[in-house]
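Chemist: Below you'll find the structure I mean.
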Amino acid sequence: LAIAGNHLALRQMEPARAAFQKALDAAKRSGSPYLMAEAQYGLGAVAMFQGDWEPAARLLEEALRLSQQPSFAQGVRRHLGLVYRQVGKLPEAEVLLRQAVAGIEDVRSQLQSEEHREAFVEDKMGAYGNLIGVLFDQRKFAEAFDMSERARARAFLDLLGNRVGLSKGRSAALIAEEKALQERIIQLKAQQELQEDDDEAPQDTPSGGQRALQPELELAREAYSAFLSRVRAQSREQASLMTVEPLSLPEVQK
């Protein structure tokens, strides 16, 4: 897979295809769904770069069926959304790209430094652009505008980080509380992904490890949402540094 990935990065398509096919054959012999999913993803990416949209769609759909591991599925959805847009499946593309963008923002919000956030999102901005394009293609102009504003606001917030101090003592305590809540979410997501790797079971339904941790993860996310609501009630300025709330199109038009 590493050799195949290097060929793909160098846009050496035929060597990449051959290497991904060998990886797929080996993964089938070993019975590893996740390795099969990675090989299918690679073959789908090769087909996509060559403009073979229908084969690319089938390969990427199979990769997503084999593994729903969050970091893996996020990348597959980004590419499959682009492929669906090319073949005219706009509603399906919108669903996948919204899921991909939500996944990107979820991971990015957990990263602690501006440098890490910028590096993480650098090769993923295409998901935002494609989603905006899909919304525009469907004449959902207000939603396209909102997503464009959200993407810019998110990038601007990443640049600001926590460098702006508001109500010094209170903001320091809020930042510490936010960090603790985010670290809990990161820890649970990491444990969930490790269990998925260990299980290496077909991912049509959640594995036992996923089911055990999912309620805890949902509670942790609810706690973080409640925290943001409390911060918003106490200080909208401080909340503006922690979450994105861009103006909608009707609000701008006013």
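The values are calculated or read from the model by the stated rules, or taken from the named source; none is laboratory data. None of these values were measured; they are calculated from a predicted model. Because the Cβ atoms are built from the backbone with ideal geometry, glycine has one as well, and the counts that use them run over all protein chains shown. In case anyone asks, the SASA skips ligands and DNA or RNA and just uses the protein heavy atoms, side chains included. Shrake-Rupley method; radii C 1.70, N 1.55, O 1.52, S 1.80 Å.
Chemist: What ³J(HN,Hα) values, in whole Hz, does the Karplus curve 6.51 cos²θ - 1.76 cosθ + 1.60 give for the stretch 20-31 when θ = phi - 60°, with x put for Gly and Pro?
Modeler: Per residue, the Karplus-derived 3J(HN,Hα) values read 5, 5, 4, 5, 5, 4, 5, 5, 5, 5, 7, x Hz.
Chemist: Residue 88: net charge of surrounding residues, Cβ under 13 Å, Lys/Arg +1, Asp/Glu -1, itself excluded?
Modeler: So the environment of residue 88 carries a net charge of -2.
Chemist: Compute the FRET efficiency between residue 233 and residue 187 as 1/(1 + (r/R0)^6), taking r as their Cβ-Cβ distance and R0 = 25 Å, and round to the nearest 0.05.
Modeler: The pair residue 233/residue 187 has a calculated efficiency of 0.35.
Chemist: A further question follows. Once R0 is set to 30 Å, what does the formula 1/(1 + (r/R0)^6) return for the Cβ-Cβ distance between residue 248 and residue 216, expressed as a FRET efficiency to the nearest 0.05?
Modeler: Using R0 = 30 Å, I get an efficiency of 0.35.
Chemist: On to the next question. Quote the charge dipole size of the stretch 3-82 about the Cα centre in Debye, to the nearest 20; the model charges only the Cβ of Lys and Arg (+1) and of Asp and Glu (-1).
Modeler: The calculation lands at about 140 debye.
Chemist: Rank these by accessible area, largest first, 1.4 Å probe: 106, 52.
Modeler: The ranking, largest first, comes out as 52, 106.
Chemist: Something else: Estimate the FRET efficiency between residue 9 and residue 65 by the formula 1/(1 + (r/R0)^6), using the beta-carbon distance for r and 45 Å for R0, to the nearest 0.05.
Modeler: My answer for the efficiency is 0.95.
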